[in-house]
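FYI, it's all coordinate maths here, none of it is from the lab. This one's a predicted model, so the numbers in the text were calculated from it and none came from an experiment. Here the Cβ is made from the backbone with ideal geometry for all residues, glycine too, and neighbour counts use every protein chain on show.
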Amino acid sequence: MNENCCCHVFKAAPTMFKVSSRLNLADYLGIIQVRLGIARDSYQVKPGLYAVGNPGNDSEVLVSANYKLSFDYLRRELKGRDLWILVLDTNGVNVWCSAGKGVFSSSAILDLIKQTKLPGLVNHRRLILPQLSAPGVCAHEVKRKTGFSVIYGPVRAFDLPRFLDNDLKADEKMRRVGFTLGQRLAVVPVELKIAGKYLVLFLALTALLLVIKGQLNPANLLAKALPVSGAFLCGSVLVPIVLPWIPFRSFVLKGWLLGFCWAIACALLFGFTFWNWLAGLLFLPVLTAVLALNYTGCSTFTSQNGVNREIKLFARPLGLAALAGFIFFVTGQIVHFF
Amino acid sequence: MSSLALDQTRCRGCGICLQVCPHAVLTMKTERVEIVDIDACMECGACSLNCAFGAITVSAGVGCAYAILNGMLRGTGSACACGATPENKTNCC
């Protein structure tokens, strides 16, 4: 991604770059692009040591991931400051996810400290890490092997100026991870794009079936496609919006409940036949439930054992319900055909 | 129910676990740490990994259905699809 490069290389040291704390138009366009899920697998910054402002040998050293979005959100909070940023190679993945997978790790930090010759560059022995890198980093191991103390900064880069001005102390609020409406929605376009191709395929198939029957018109297409499309949108858009207010802790049950309500609404709205009632009530909630389960990865509080339990508990019932729904749907088509 | 477990006899009260926990699962009580909200624990493993005295254990992992299902299909345990695995190196700018 050469066009997104925000750095120019210092000739003397191959791993040291200078970077601005001001984001330019290309950076903001990049943020929009990556939030829409376009080319987001290659949205990376070159790993290495970055200089913000004119840092000296007493300046603090921040550590970050090489996902450009993480890096941009960090540097734009550093206006008017002189600091070093150590950017680890996390394969372009954000801090929390890469730490969870052990890529943002103690050993990655050790390697980069050595590569960038950091000990010769600064007099102090402090590294400021994002709090959410802690699932991958062992502070006492870094200290023992490099002499650098790890100080865990705030969760959000937004709080970093106050943290830096407050003798590197984070208050309660800086340490907590929430899941606001804005945060819940920020990941929806990407999820829609990933799952959306199946919806497009479904719409194309529905249209094709109507063409074969010689009944293709907008009203017909809407009536035939809306139940499934709506269940799809319930799972990928409505679940994130109303997540905290749907009963149940389980994501599958949350999604299933919304899908069930939608299925009843559809049945009443379109005057379903007997077979379509059965098919709709069985199949549509499964679709929403699966999409809601998928949303666990976007949330900020689900655990691996919890998600594992959900999959073990619900995989079979959901599969059977979907299959039965499909059979009832086909039965209905055949019965009404004759 | 979270797999988080705390051995208070090993705790020295340094408090680094309180700093790294994103959901205020732990609290400090008379120079020892205590679990106060185990249901909020997401088993990220940050507290356990950063405890220099081995006082905390947890079966840590990522609570992402996509990663878990992906791992089941490949038979590798949980595997992210977002490129966050050490062997998954790609080019950069």
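Kindly put A:L257, A:L25 in sequence by how many other C-beta atoms sit within 10 Å of each C-beta, fewest to most. Numbers along the way, then the final one.
Values: A:L257 20, A:L25 7.
Starting with the residue having the fewest Cβ neighbours, the order is A:L25, A:L257.
Residues A:S42, A:S250, ranked from the fewest to the most other C-beta atoms within 10 Å, line up as A:S42, A:S250. With both residues required to sit in chain A, DSSP beta bridges show an antiparallel share near 40%. Counting only the backbone N, which residues of the range A:234-248 are under 18 Å from the spot 7 Å out from the Cα of A:A265 toward its beta-carbon? Only A:234-247 pass the distance filter. The translational diffusion coefficient of the range A:171-241, from Stokes-Einstein at 4 °C and 1.567 mPa s with a Kirkwood hydrodynamic radius over alpha carbon pairs, comes to 90 µm²/s.
The charge dipole of the range B:5-62, taken about its Cα centre with unit charges on the Cβ atoms of Lys, Arg (+1), Asp and Glu (-1) only, comes to about 220 debye.
Expected output is a single nm value to one decimal: the length gained when fully extending between A:N54 and A:L226, i.e. 0.36 nm times separation in residues minus the C-alpha distance. What is it?
Full extension from A:N54 to A:L226 adds 56.1 nm.
Name the shape class, rounded, prolate or oblate, that the alpha-carbon gyration tensor gives for the range A:225-298, where a ≥ b ≥ c are the square roots of its eigenvalues, rounded holds for a/c under 1.5, and otherwise prolate holds if a/b is larger than b/c and oblate otherwise. Since a/c reaches 1.5 and a/b is larger than b/c, the shape of the range A:225-298 is classed as prolate.
Classification of the range A:58-196 by its C-alpha gyration tensor yields a prolate form. The axis ratio a/c (a ≥ b ≥ c) is 1.5 or more, and a/b outweighs b/c. Starting from the Cα gyration tensor of the range A:20-107, take the square roots of the eigenvalues, sort them a ≥ b ≥ c, and report rounded, prolate or oblate (rounded when a/c is under 1.5, otherwise prolate if a/b is larger than b/c, else oblate). Here the range A:20-107 falls in the oblate category.
Ranked for footprinting exposure by Cβ neighbours inside 10 Å, fewest first, A:T180, B:T27 give A:T180, B:T27.
Across chain A, the relative contact order, built from alpha-carbon pairs under 8 Å that are at least six residues apart, equals 11 percent. Note on the range A:143-210: Rg/Rh from Cα positions, Kirkwood definition for Rh, rounded to two decimals, is 1.37. In terms of distances greater than 30 angstrom between alpha carbons, the cross-link table entries A:K18/A:K193; A:K46/A:K143; A:K114/B:K29; A:K169/A:K193 yield A:K18/A:K193; A:K114/B:K29; A:K169/A:K193. Here the spin labels are modelled as points 7 Å beyond Cα on the Cα-Cβ line, and at A:R144 and A:R126 they lie 2.4 nm apart. The ellipsoid equivalent to the alpha-carbon distribution of the range A:243-338 has semi-axes of 29, 15, 8 angstrom, derived from the gyration tensor eigenvalues as √(5λ) and listed largest first. For the range B:36-60, no residue has its backbone nitrogen under 12 Å from a point 7 Å from the Cα of B:M28, taken along Cα to Cβ. Stokes-Einstein diffusion for the protein assembly as shown at 37 °C, viscosity 0.692 mPa s, with a Kirkwood radius from C-alpha pairs, works out to 138 µm²/s.
Within straight-line reach of A:K101, meaning a Cα separation under 18 Å, sit the following lysines at least 8 residues removed in sequence or on another chain: B:K89.
Dipole magnitude for chain A: computed about the Cα centre from +1 point charges on Lys and Arg Cβ and -1 point charges on Asp and Glu Cβ, it is near 320 debye. Full extension of the chain segment joining A:F202 with A:F326 gains 43.2 nm, where the gain is 0.36 nm per residue of separation less the Cα-Cα distance. Once the dipole of the range B:5-62 is set up with Lys and Arg at +1 and Asp and Glu at -1 on Cβ about the Cα centre, which of B:M28, B:I38, B:V62 lies farthest towards its positive end? Sorting the options by dipole projection puts first B:M28. Computed from point charges on the beta carbon alone (+1 for Lys and Arg, -1 for Asp and Glu), the dipole magnitude for the range A:136-240 about its Cα centre is near 200 Debye.
Need one value for A:101-107: mean number of C-beta atoms belonging to other chains within 10 Å of its residues' C-beta atoms.
Values: counts 12, 6, 7, 1, 2, 1, 1.
So the per-residue partner count for this stretch is 4.
Within the range A:243-281, name every residue whose backbone N is under 14 Å away from a label modeled 7 Å from Cα of B:M72 along the Cβ vector. The answer is A:252, whose backbone nitrogens lie closer than 14 Å to the label point. Values of log10 I(q)/I(0) for the range B:5-62 across q = 0.21, 0.23, 0.27 Å⁻¹ run -0.70, -0.85, -1.21, by the Debye formula with one identical scatterer at each alpha carbon and no solvent.
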